[in-house]
Amino acid sequence: MRIVLLGAPGSGKGTQSKLLVEKYKIPQMSTGDLLRAEVAAGTDLGKRAKAAMDAGQLVTDDVVLGMIQARLAKPDAKSGFILDGFPRNIPQAQSLDAMLARLGQPLQLALLVDVDTDVLLKRLTGRRTCGSCGAIYNIYFSAPKTANKCDKCGSALTHRSDDNEQTVANRLKVYQQQTAPLVNYYKAQGKLRTVRGVGAVSAIFKNVTDIIESQIRPLADVMGKIESAAARQAAKAKAAAVAKAAAAKAAAKVAKAAPSAKAKAVAPAAKPKPLEKKAMPKKAAVKKAAPKAKPKKTSKPAAKAKKVK
Ligand SMILES: [Zn+2]
């Protein structure tokens, strides 16, 4: 299954993504992870990415797409992938679609984890962590028993500077402006499904898997039907080609046996064949038929058959 996950910072899509990786045994690809891996491996893409980052520039889309394509070629991505954090805007989504089309692996589902902005704000700004034991709290949803004190070890809780209201509001605004249009993009493709990202993680995940089962599995069924129909069509065409080849062979035989006039009459049927690839065997058949004619001391008609080709 090939899925793009959409959702604002704080929507919890990262958590859902991890659960999907576990359940369906497909890799999750986030641009951050891919970048780190390519840079660490010192690949060409990694070097280009590092040069851009060192220069304080954004890594270009073609580098990111290259990394995704390289990642897709790895064996564990054979049965699909979950893209998280890419695409972030319409041009990236279009480039991604083009690349996946070239690979014959189009996206099947764009899953939006939807959470109201006021909830996102509380989730992101209310976060508190314990510097000693790493316990995580949220002053709105899972507050410690004593304000600013860890329930487990009694240490003071800290508030990350990038979790302040202004920064968070900015991040959400950027998300709204850039990523939200993707929702319409995928909706127009009929690939968008939305899950409410509030409530228990397990309940959200149940909804996610229900969507996947109903969206991708039936789609896989349809694809299977289309593929088998195509296969039947191909088999039919092949049978027709074989029949044609046999007819041509017979015609060649007739040509060598009968006088030249008859060979001429047969010729038109043999002529169009070289245009079609599948017709090639017929040509070979005619060729083969011609030499066969030789021992039968009817060398003249055989020569005629050759010309006909
Ligand atoms: Zn603690």
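The values are calculated or read from the model by the stated rules, or taken from the named source; none is laboratory data. Keep in mind that this is a model prediction, so the values were computed, not measured. Reconstructed Cβ throughout: ideal geometry from the backbone, glycine too, with neighbour counts over all protein chains shown. Each accessible area value is taken on the protein alone, full model and side chains, heavy atoms only, with ligands, DNA and RNA left out. Shrake-Rupley method; radii C 1.70, N 1.55, O 1.52, S 1.80 Å.
Listed values for segment 157-173 are Karplus-derived 3J(HN,Hα) couplings in whole Hz (6.51 cos²θ - 1.76 cosθ + 1.60, θ = phi - 60°), namely 8, 10, 10, 4, 5, 7, 9, 6, 3, 5, 4, 5, 4, 5, 4, 5, 5, and x replaces Gly and Pro.
When all protein chains stay in place and ligands, DNA and RNA are ignored, the 1.4 Å accessible-area order of VAL115, VAL242, largest first, is VAL242, VAL115. Taking every protein chain into account, the 1.4 Å probe leaves ASP33 with about 80 Å² of accessible area, to the nearest ten.
The listed residues ILE82, ILE211, once ranked by accessible area (1.4 Å probe) with the largest placed first, stand as ILE211, ILE82. Couplings 3J(HN,Hα) of segment 141-155, computed from phi: 10, 8, 6, x, 4, 10, 4, 6, 10, 5, 4, 7, 10, x, 6 Hz, in residue order, whole Hz [Karplus 6.51 cos²θ - 1.76 cosθ + 1.60, θ = phi - 60°; x for Gly and Pro]. Element breakdown for segment 137-191 at a 1.4 angstrom probe: carbon and sulfur atoms account for 51% of the accessible area.
Rounded, prolate or oblate: pick one for segment 93-145, where a ≥ b ≥ c are the square roots of the eigenvalues of its C-alpha gyration tensor, a/c under 1.5 means rounded, and failing that, prolate if a/b is larger than b/c, else oblate. Prolate, because a/c is 1.5 or more and a/b exceeds b/c. Counting charges near GLN177 (Lys, Arg +1; Asp, Glu -1) among other residues having Cβ under 13 Å from its Cβ returns a value of +3.
Taking amide H as placed 1.01 Å from N in the peptide plane, the amide H of LYS149 sits under 5 Å from that of LEU157, each at least 5 places away or on another chain. Count charges around LEU103 for me, please; just the other residues with Cβ under 14 Å from its Cβ, Lys/Arg as +1, Asp/Glu as -1. After counting each charged neighbour, the total is +4. Here are some pairs, LYS25/LYS78; LYS13/LYS191; LYS149/LYS206; which of them have Cα atoms lying more than 22 Å apart in this structure? Distance filter (> 22 Å) returns LYS149/LYS206. Taking only protein heavy atoms and a 1.4 Å probe, the accessible area of segment 44-97 is 55% carbon and sulfur. Excluding ligands, DNA and RNA, the accessible surface per residue across segment 1-130 is 46 Å² with a 1.4 Å probe. Applying the Karplus relation 6.51 cos²θ - 1.76 cosθ + 1.60 with θ = phi - 60° to segment 48-54 yields 3J(HN,Hα) values of 5, 5, 5, 4, 5, 5, 4 Hz, where x marks Gly and Pro. Could you work out the local net charge near ASN89, counting Lys and Arg as +1, Asp and Glu as -1, over the other residues with Cβ closer than 14 Å to its Cβ? Computed value for this residue: -1. Among the protein heavy atoms, those of ARG71 account for about 40 Å² of accessible surface (1.4 Å probe, every chain in place).
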